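The values are calculated or read from the model by the stated rules, or taken from the named source; none is laboratory data. Since the model is a prediction, treat every value here as computed from it, not as a measurement. In this analysis, Cβ positions are derived from the backbone assuming ideal geometry, glycine residues included, and neighbour counts consider all displayed protein chains. Quick note on the areas: whole protein, heavy atoms, side chains included, nothing else; ligands and nucleic acids left out. Shrake-Rupley method; radii C 1.70, N 1.55, O 1.52, S 1.80 Å.
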Amino acid sequence: MSLSFAHKVNLFITNENDNLEIYSYFANGKPCINCEFTVKSEDKVIFKNKLNNEGIFLYKPTSKDIEITIDAGSGHIAQQKVTVDNIKHEEKKEHVKEEKKIEYIKIILGLVTIFLLFFLLKRFKK
């Protein structure tokens, strides 16, 4: 696993009571606390602010097609284009749980690959 993967910034957006819930977190599951974010429409900045201590901000969209960019500093950036009519109606906890499941699968596949390499090397070494 590379060091840059440990600091990967994830961005998750849901539609909560006519607001967009912007949620950003790192690969280890910790929220992107006080990270700056920008909302653009047609390449024009329409809103800038910071996420709270839980890595969340509720935004009331004023445009149909927007792009949200999270800047966690040190070049760690996440972007997502959103059409407000097509926002996912998925629970944030479910999304994080699913991403962690995918991470575990990747780790298991990596370990199985390493095991198979050693097994094959030992077999051909004889």
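Of F118, F37, F26, which has the most accessible area and how do the rest follow, probe 1.4 Å?
Numbers: F118 140, F37 0, F26 45 Å².
The residues order as F118, F26, F37, largest area first.
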* **Accessible area (Å², 1.4 Å probe, nearest 10) - D71** => 70
* **Heavy atoms of L116 accessible to a 1.4 Å probe, total area in Å² rounded to 10** => 90
* Max mean-square fluctuation residue, GNM over the chain, Cα-Cα springs under 10 Å, options I22, I77, I46 -> I46
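Please state, rounded to one decimal and in Å, the Kirkwood hydrodynamic radius that the chain gives when every pair of distinct Cα atoms enters the mean of 1/r.
Values: mean 1/r = 0.0608 Å⁻¹.
Evaluated on the chain, it is 16.5 Å.
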* Asked: Once label points are set 7 Å from the Cα along Cα→Cβ at both Y104 and K92, what is their separation, rounded to one decimal in nm?
  -> 2.2
* Can you give me the Cα centroid spacing of segment 39-94 and segment 10-25 in angstrom? -> 7
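At 1.4 Å probe radius, can you tell me the per residue accessible area of the chain in Å²?
Numbers: 9180 Å² over 126 residues.
I get 73 Å² per residue for this part.
Leaving out ligands, DNA and RNA, what percent of the accessible area of the chain is carbon and sulfur, probe 1.4 Å?
Working: 5070 of 9180 Å².
Heavy-atom surface of the chain belonging to carbon and sulfur, 1.4 Å probe: 55 percent.
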* Asked: For segment 49-98, treating each Cα as an identical point scatterer without solvent, what Debye log10 I(q)/I(0) comes out at q = 0.13, 0.19 1/Å?
  -> -0.39, -0.87
* To do: Springs between alpha-carbon atoms under 10 Å, Gaussian network over the chain: tell me which of F57, F47, F115 tops the mean-square fluctuations.
  => F115
* In segment 36-66, which GluC sites (Glu not before Pro) are in a loop and have at most 10 other Cβ atoms within 10 Å, using DSSP for the loop call? -> E42
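Ignoring everything except DSSP H segments at least 4 long, calculate the 222 nm mean residue ellipticity for the chain; use -39,500 (n - 2.57) per segment, divide by total residues, nearest 500. Walk me through the intermediate numbers first.
Details: 2 runs with 38 residues, N = 126.
So the calculated ellipticity at 222 nm is -10500 deg cm²/dmol.
Which of the residue pairs K8/K81; K60/K101; K50/K81; K64/K92; K60/K93; K8/K101 have a Cα-Cα distance greater than 26 Å in the structure shown? Show your work: numbers first, answer last.
Details: K8/K81 18 Å; K60/K101 31 Å; K50/K81 18 Å; K64/K92 22 Å; K60/K93 21 Å; K8/K101 16 Å.
The pairs that break the limit, which is 26 Å between Cα atoms, are K60/K101.
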* Surface accessible to a 1.4 Å probe, S74 within the full protein complex, Å² -> 110
